[in-house]
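What follows is a single structure, written as structure tokens, with notes after it.
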Amino acid sequence: MSFSLHGLPVSHGIAIGHAHLVSHAALDVTHYVLPKSMVQNEIARLDDALETTRLELIGLRDYRPQQAAAEFDAFLDLHLMILADEHISSAARQMIEREQCNAEWALKTQMETLVSQFEAFEDAYLRERKTDVVQVVERVLKTMSGQPGHTPPSAQHDKNLILVAYDVSPADLIQLKSHQFSAILTDLGGATSHTAIVARGLNIPCIVGLHHSRELIKDNDIIIVDGEQGVVLVNPDKQLLAEYKLRQSQLDLERQKLKRLKTAHADTLDGTHIELHANIEMPQDLADVKENGATGIGLFRSEFLFLNRNELPDEEEQFEAYRTVVEGMEGQPVTIRTFDLGADKQLKNAARVASNPALGLRAIRLCLTEPKLFRTQLRALLRASSYGNMKILVPMLSGVAEINQTLQFLEVTKQELAAQGIAYNPEVKIGGMIEIPAAALALSVFIKKLDFLSIGTNDLIQYTLAIDRTDEEVSHLYDPLHPAVLQLLSHVIGSANKANIPVSVCGEMAGEVNYTRLLLGLGLRQFSMNSAQLLATKQRVLTTSLPEILPLTQKILRSDDPLKIQELLARLNAG
Ligand code: PEP
Ligand code: MG
């Protein structure tokens, strides 16, 4: 049966391929339908795995640490209780029987149901127990992965697979960089969630907020993903397929043409030079940075080094990662952001998830309460600073107290390194992200105390408009053109320029060609974006005359009518 679904396009392009359904917690569980004759075998497989896991857990008692025997016993009892809970075992059995699905899928689905029930608890202790549920289920899945199972149908195709998930965390998506998916579809997610940002970096179409895709799409269905319109066409007819294949090759051709701009200088028609830098998540992204001709790295989201792992990276590992990037850029500027963990980028074994994580202990707030973690990162960063042109950027600063504390941490770390005779650049520049409205409004202290500013429009918009950037229910309200947002942007860029302090935009707005001229008109001369968007932005810069766009930009700034703003923006972008 053919049908279409509509969602929020967050990464452009067109993909045609086969659906590959995954569950949302880990990306290694595939859905497939079993022949009726295999159903009882599958239930037996599940029961075996549950029993093996139970024995494994009981066996762990022999290894309990003496100094924490009571805590360890309590943890084991809890995990054994979860394992025996019929919400997991019986419900999974029933699901296998009812839907003829594989045991892993049934187990994962029950886990998700339980996790969402736990998330709704008022009581923080109970809410945190969802982590235990996940850990128990992952243990059973691990046991099952050691058993002979069935070959999922989609393993037959090694490319043109379209990932269909309820949700994908940024951490999961980073792991996907090594897989060859040709598009990503999710039921949850907002346009500037980190999942969307990472998908854009993969340079494949991505549509989020589809609501029911995982229920409606079956594994192996043929799918067209239209990342321009946010439309998914499932099992399309021959004519539609042919039309989309044509559009796909046209888009490829346009992409190829853009490659010619790789080494061109990003100068406007009136000769003003614009710096176009890249955002990266991992040192491996350097290849894309070079491929797209970025003249620096404006944002290295270092927190991605901390995701997908049980042990945190030590000073040596971090130093190597930072040095690789700094040396790899051969003297071009590299801005490394201290880790911005929390919100939608949680550590794997985070002890606690706040009830309102975007407003909780995130980024610099977390750093300042975890001095050991922060000092380790600062030592690694300072050591890497002597290998090239490196700057340090601090996320989520809201005011003078946090700035002072951060500078003090930096100073103490510098003294420590100096006392140990370890090299670092004593002049290393330190900047702050302007992504909380309070910071934008009380800007003078940032200008006074810091060397540069970088505007994080993703969070600045989220906090100004009180819209969760990861929540598809409110994504229609996420509006970079809201007059309040434009006023803040104009104020920050204008004040920084006046004070002669470098300012850039490193949020997603910087890589949207629709906003390039607007930002130029507000006085922005440095942009940092996903490498994949860099050449299209450069093309827009090359065709822009600053004196011509200024009057229209001023009109946009003065308007408080959304429709009028849209109309003026269209005029700004014409020609
Ligand atoms: C931002 O908030 O705009 C930003 C660049 O940081 P992140 O997207 O990592 O929160
Ligand atoms: Mg941010």
For segment 36-144, the Cα-Cα pair-distance distribution in 10 Å bins from 0, as whole percents, is 14, 43, 30, 11, 2, 0
Could you state the angle between the C-alpha long axis of helix 69-84 and the longest principal axis of the C-alpha atoms of the chain, as a value from 0 to 90 degrees rounded to the nearest 10? 70
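Just how large is the dipole of the chain about the Cα centre, in debye to the nearest 20, putting +1 at every Lys and Arg Cβ and -1 at every Asp and Glu Cβ? Mind dumping the intermediate values first?
Numbers: 55 positive and 72 negative charges, 364 e Å.
The dipole of the chain has a size of about 1740 debye.
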Farthest toward the dipole's positive end in the chain, which of LEU524, CYS206, PRO357, given Cβ charges of +1 (Lys, Arg) and -1 (Asp, Glu) about the Cα centre? LEU524
Give the angle, between 0 and 90 degrees and rounded to the nearest 10, that separates the Cα long axis of helix 130-145 from the longest principal axis of the Cα atoms of the chain. 60
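How long is the gain from GLU330 to ALA287 if the chain were fully straight, where each residue apart is worth 0.36 nm and the alpha carbon distance is subtracted? Show your work: numbers first, answer last.
Numbers: separation 43, 0.36 × 43 = 15.48 nm, distance 1.32 nm.
Stretched fully, the GLU330-ALA287 segment lengthens by 14.2 nm.
Run the accessible area of the chain with a 1.4 Å probe and give the carbon-and-sulfur part as a rounded percent.
Working: 13340 of 25410 Å².
The computed percentage sits at 52.
How big is the dipole moment of segment 36-144 about its Cα centre under a simple scheme where the beta carbon of each Lys and Arg is +1, that of each Asp and Glu is -1, and everything else is neutral? Debye, nearest 20, please.
Details: 13 positive and 21 negative charges, 56 e Å.
Dipole magnitude for segment 36-144 comes out near 260 debye.
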Any chance you could get the radius of gyration and Dmax over the Cα atoms of the chain, in Å? 25.3, 76
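At 0.36 nm per residue, minus the direct Cα-Cα distance, what do HIS265 and SER444 gain on full extension? Give it in nm, one decimal, please.
Extending this stretch completely gives an extra 61.2 nm.
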Largest first and rounded to whole Å, the semi-axes √(5λ) derived from the alpha carbon gyration tensor of segment 262-573 read 32, 23, 18
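Might you report the magnitude of the Cβ-based charge dipole of segment 445-575 about its Cα centre, with Lys and Arg at +1 and Asp and Glu at -1, to the nearest 20 debye?
Working: 12 positive and 13 negative charges, 160 e Å.
For segment 445-575, the charge dipole is close to 760 debye.
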Tell me which of LEU569, MET111, GLN180 sits at the most positive position along the dipole axis of the chain, charges placed on C-beta atoms (Lys, Arg +1; Asp, Glu -1). LEU569
Dipole axis of segment 308-415 (+1 Lys, Arg; -1 Asp, Glu on Cβ), positive-most option in ASN404, LEU393, GLN377: ASN404
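Output the peptides 384-397, 412-425, 311-324 sorted from most to least packed, where packing is the average of other Cβ atoms within 10 Å over each peptide's residues. Provide the component values of the computation, followed by the final result.
Details: 384-397: 23.0, 412-425: 13.6, 311-324: 16.8.
My ranking of the peptides, most packed first, is 384-397, 311-324, 412-425.
Take the Cα radius of gyration of segment 432-575 and divide it by 2.2 N^0.38 Å, with N its residue count; two decimals is plenty.
Details: Rg = 14.6 Å, N = 144, 2.2 N^0.38 = 14.5 Å.
Dividing the Cα Rg of segment 432-575 by 2.2 N^0.38 Å gives 1.00.
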Kindly provide the helix-only [θ] at 222 nm of the chain, computed as the sum of -39,500 (n - 2.57) over DSSP H runs of four or more divided by all residues, to the nearest 500 deg cm²/dmol? -14500 deg cm²/dmol
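Starting with the highest mean, order 256-268, 298-310, 199-211 by the number of other Cβ atoms within 10 Å, averaged over the residues of each peptide.
Ranking, from highest mean packing down: 199-211, 298-310, 256-268.
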Accessible area per residue, 1.4 Å probe, Å², for segment 262-573: what's the number? 40
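The values are calculated or read from the model by the stated rules, or taken from the named source; none is laboratory data. Values in this document were obtained by computation on a predicted structure and should not be read as measured data. Every residue, glycine as well, gets a Cβ built from its backbone with ideal geometry; the counts of neighbours run over all protein chains shown. All accessible areas refer to the heavy atoms of the entire protein, side chains included, with ligands and DNA or RNA removed. Shrake-Rupley method; radii C 1.70, N 1.55, O 1.52, S 1.80 Å.
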